[in-house]
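Remarks on the structure that follows.
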Amino acid sequence: MTMSRRTFFKGAVVTAVAAATASAAAACSDQPTPLGSDADARPLRIPPLEEGTLEGNVRRFELTAQEGEFEMIPGTMTKTWGFNGPYQGPTLYMRRGEHIEMTVRNELPEPTVVHWHGMHLPAAADGGPALMFPPGESWSPSWTVDQPAATCWYHPHPHQASAVHAYRGLAGGIVLDDDTSYTGLPTEYGVDDIPVIITDANFTEDGQLDEENGWVGSTVLVNGMTKPRFEASTRRLRLRVLNGATMRFHHLSLGVPFMVVATDQGYLEAPVEVDGILLSAGERVEIVVDLKPGKDLVLRSNGVPDLGGLPDRDTAKTFGLTDKFDLLHIAAPPETAPEPEALAEGVVAFDVPASASKEREFRMKDMEINGKTMDMARVDEVVDHKGPEIWHVTNDNDDMMHNFHVHNARFAVIGVDNGDLEFTTGWHDTITVPPLATVHLMVEIGYYPDPTLAYMYHCHMLNHEDKGMMGQFVVVEPGQEPDLFVPGWHE
Ligand SMILES: [Cu+2]
């Protein structure tokens, strides 16, 4: 794998020094880059909505992971990876109750696997590292969608190479729909219901992805492009924001208050008005903003408040927490656009279990969880029941950011000790764990017993994950022992 990674972007090493200098200069700027008036502004690319083929209750998708070239920066073709295209992938549409039959073909020069982030499904479909498959082959997971409407996403999860595969462009959104009737909520994909996938990259002098200078990119992209501009035709927009970065945290603002209507795992009980919201890598949030004719808005990443809990500005800078970016220019709608209806409240209930029969503790430090780095042959936790659990997750580093993602699960934040999280309501599957803080989670795990394959919990800063900050849990019948399949290539 190392060999093919090295041959992927020729010239990356040669131009590394120049690129490092350039990206250091760019990353040091605390000022938002000019965006709307810039001659380089381009219309926001909307990934195609892929509905697959529906036959009765069965929805089939075909995804091909492939190499390509994409114009991330105006006028420059960058070698990239994508699904069914050169960069990123289509937005997959699916509905609760449907049976999904997915075929993923690997036309890349390296083994990979795809994880359906946020979905509750059998471990055989989850796309953990044990399920990596080689170039030229296909993988066909299937599952039944049994969870509320949400914005999920898909991205690679190969052993020790998740960061680089995602960085090259392997990511796409999932619109998971259900029968919830939500008055006032925009639902027309690409018109007033807009995917906003935030990633970042460093570029070499010849405009290629720089893989040698760390994973906090100095160029921030939305849907794969710099300086995007969206011309609103309606007075209300729903933005499905995904922080698809390998490492970056973004504290998002619009210059006006906006409504949070959904977190990772679906709708909130009622919209919550905020001035800004923090998204760690892997998190999603659905926001609703009302626009006024004549008044453009800019979606900004404004720097993480209080340095994210890190001890000083220099440390915060290494995680990119002091950087500010203009992400997306939103051009105002015309006067003729009709006024939207009032946004409904109480469309879903937020029923967090009051207690749990099992508690677990996870301590994240350096690149370890509970003193161990990831081992594909080791079962770290066994879940042998259907009920909720309380997980206590601590960041034992005072000088490092981490976050925490659990596969095949949703959780509610029921407490935070020794740190601040400004927005904790709703169901999540990924959450920031500030330095020295403990986040207490009420976790509901999808119950699909299978002693042979594990699910992952890990830091979703992908370079931390690749360095070992990940563990495995196996879901089994009560009293059953795990009997873990370990792939032959395991070291
Ligand atoms: Cu981490």
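The values are calculated or read from the model by the stated rules, or taken from the named source; none is laboratory data. Just so it is clear, the model here is predicted, and its values are computed rather than measured. Positions of Cβ are generated from backbone atoms using ideal geometry, with glycine treated the same way; all protein chains shown enter the neighbour counts. Keep in mind that these areas ignore ligands, DNA and RNA; they rest on the heavy atoms of the full protein, side chains included. Shrake-Rupley method; radii C 1.70, N 1.55, O 1.52, S 1.80 Å.
Data for the structure
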quantity: Structure-based [θ]222 nm, the chain - -39500 (n - 2.57) summed over DSSP H runs of at least 4, per residue, nearest 500; calculated: -2000 deg cm²/dmol
quantity: Cut-off 9 Å between beta-carbons: net charge of the residues surrounding residue 301, Lys and Arg +1, Asp and Glu -1; calculated: +1
quantity: Per residue, in Å², the accessible surface of the chain once ligands and nucleic acids are set aside, probe 1.4 Å; calculated: 37
quantity: Cα-derived Rg to Rh of the chain, Kirkwood definition; calculated: 0.94
quantity: FRET efficiency, residue 96 to residue 481 (Cβ-Cβ, R0 45 Å, nearest 0.05); calculated: 0.85
quantity: Percent antiparallel among DSSP beta bridges (both partners in the chain, rounded to 5); calculated: 70
quantity: Taking N as its residue count, the alpha carbon Rg of the stretch 307-410 over 2.2 N^0.38 Å; calculated: 1.67
quantity: Neighbourhood charge, 11 Å Cβ-Cβ cut-off, centred on residue 225 and excluding it, Lys, Arg +1 and Asp, Glu -1; calculated: +2
quantity: Where labels lie 7 Å past Cα in the beta-carbon direction, separation of residue 58 and residue 425 in nm; calculated: 4.2
quantity: Cβ-derived FRET efficiency at R0 30 Å, residue 352 paired with residue 295, nearest 0.05; calculated: 0.20
quantity: Peptides 63-74, 45-56, 243-254, 443-454 ordered by average Cβ neighbours within 10 Å, highest first; calculated: 243-254, 443-454, 63-74, 45-56
quantity: Relative packing of 463-472, 91-100, which averages over residues the other C-beta atoms within 10 Å, highest first; calculated: 463-472, 91-100
quantity: Net lengthening on full extension, residue 318/residue 399 (0.36 nm per residue, minus Cα-Cα); calculated: 28.1 nm
quantity: For residue 311, net neighbour charge (Lys/Arg +1, Asp/Glu -1) across residues whose Cβ lies under 10 Å away; calculated: -3
quantity: Highest average packing first - 421-431, 371-381, Cβ atoms within 10 Å; calculated: 421-431, 371-381
quantity: Efficiency of FRET between residue 336 and residue 49 - r from beta-carbon atoms, R0 25 angstrom, step 0.05; calculated: 0.45
